[in-house]
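Here's the structure, in structure tokens; my notes come after.
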Ligand SMILES: Nc1ncnc2c1ncn2[C@@H]1O[C@H](COP(=O)(O)OP(=O)(O)O)[C@@H](O)[C@H]1O
Ligand SMILES: [Mg+2]
């Protein structure tokens, strides 16, 4: 569903942020892209929905090069969960969830039915939460609304940028469990980025470890633990997961 082939992107500095990045995400699969803050994760996601354009290499979605696609039409087929949820502060929870269906011209009754269904899915029943503003929610609740909003038009692909990053450890753990449950039910292709290897291993069917603009290793958590591709991966794993095999 998503494929990066030797992708380069620089913002004009000496060393490109992405420097030969390659990976793919299959239908129904979650790929977690993991690496430290500033390593280019958000940049990589924005190349998929054309909030940014790459300098060279190929970014393919649904089998086609994104550079040949109309950005607006492309974004309708890609759900995007933005870092820190990114809700519209003056809109109610329901209005936030219905943003994309409204753009797509859905009838009011269809929009309402969809937002009720999704708010139930993320455990924020519309009757209780639908009319609230984002500031009247906890951080975890805002992130759930961000997930509901991304799912609103039922896109086959979801891009998730540190979706559970702003949460305390307990809320985070519970959101991760819910994510695994949604994932089983919804069967979406998900490209999720995180700086947290533990989270990547919990949520990703496969994990790509980023360093200096490249994926140093891509594989299932089990494969990475059993056979780290190089010293960088070995050290990253042992720093982030103390107690894992050396
Ligand atoms: N629009 C931009 N203009 C210039 N530099 C940018 C821009 N966006 C990101 N960068 C730089 O690119 C690097 C990667 O940023 P980002 O993709 O946001 O990292 P991450 O999401 O992994 O924390 C950082 O050094 C950041 O300062
Ligand atoms: Mg980021």
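The values are calculated or read from the model by the stated rules, or taken from the named source; none is laboratory data. Computed from a prediction, not measured in an experiment: that's the story for all the values here. Here the Cβ is made from the backbone with ideal geometry for all residues, glycine too, and neighbour counts use every protein chain on show.
Worth a mention:
- Among the residues making up the range 3-21, those that are in contact with a strand residue (DSSP E or B) (Cβ under 7 Å, 6 or more places away or on another chain) and either within 17 Å of residue 67 (Cα to Cα) or within 16 Å of ligand 2 (Cβ to nearest atom) (or both) are 3, 4, 5, 6, 7, 8, 9, 17, 18, 21.
- Members of the range 6-38 found to be out of contact with any helix residue (DSSP H, G or I) (no Cβ under 8 Å at 6 or more places or on another chain) and under 19 Å from residue 236 (Cβ atoms), listed by number: 19, 20, 22, 23, 31, 36, 37, 38
- Restricting the first member to the range 217-233 and to residues that are at positive phi and outside the structural domain of residue 36 (by TED's automatic domain parsing), and the second to residues that are at pLDDT 95 or above and crowded, with 19+ Cβ neighbours inside 10 Å, no beta-carbon pair is closer than 9 Å while six or more apart or on different chains.
- Criterion: touching a residue at least 12 places away in the same chain (Cβ under 8 Å), within 16 Å of ligand 2 (Cβ to nearest atom) and buried (at least 18 other Cβ atoms within 10 Å of the Cβ) - qualifying residue of 204, 146: 146
- Among the residues of the range 22-47, those that are within 16 Å of ligand 2 (Cβ to nearest atom), more than 17 Å from residue 81 (Cα to Cα) and either part of a strand (DSSP E or B) or in contact (Cβ under 8 Å) with a residue 60 or more places away in the chain (or both) comprise 35, 36, 37, 39.
- Of all residues making up the range 173-191, the number that are away from ligand 1 (no atom under 16 Å from the Cβ) and outside any helix (DSSP H, G or I): 4
- Subset of the range 48-59 (residues that are within 15 Å of ligand 2 (Cβ to nearest atom) and in contact (Cβ under 8 Å) with a residue 40 or more places away in the chain): 48, 49, 52
- Any hit, the range 183-191, residues being within 16 Å of ligand 2 (Cβ to nearest atom) and at pLDDT 95 or above: yes
- Condition check for residue 195 on (1) under 21 Å from residue 51 (Cβ atoms); (2) at pLDDT 90 or above; (3) more than 16 Å from ligand 1 (Cβ to nearest atom): one failure, at (3).
- Check on residue 105, away from ligand 1 (no atom under 16 Å from the Cβ) and within 27 Å of residue 132 (Cβ to Cβ): yes
- Filter result for residue 148 (closer than 30 Å to residue 111 by Cβ and assigned by TED's automatic domain parsing to the domain that holds residue 104): yes
Residues are listed down the side, and each one gets a yes or a no for (1) surrounded by fewer than 17 Cβ atoms within 10 Å (Cβ to Cβ); (2) outside the structural domain of residue 62 (by TED's automatic domain parsing); (3) modelled with pLDDT under 95; (4) within 8 Å of ligand 1 (Cβ to nearest atom):
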{"site": "15", "(1), (2), (3), (4)": "yes, no, yes, no"}
{"site": "18", "(1), (2), (3), (4)": "no, no, no, no"}
{"site": "22", "(1), (2), (3), (4)": "yes, no, no, no"}
{"site": "30", "(1), (2), (3), (4)": "no, no, no, no"}
{"site": "33", "(1), (2), (3), (4)": "no, no, no, no"}
{"site": "37", "(1), (2), (3), (4)": "yes, no, yes, yes"}
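- In the range 152-169, the residue that is nearest to residue 43 (Cα to Cα) out of those that are buried (at least 22 other Cβ atoms within 10 Å of the Cβ) and more than 16 Å from ligand 1 (Cβ to nearest atom) is 158.
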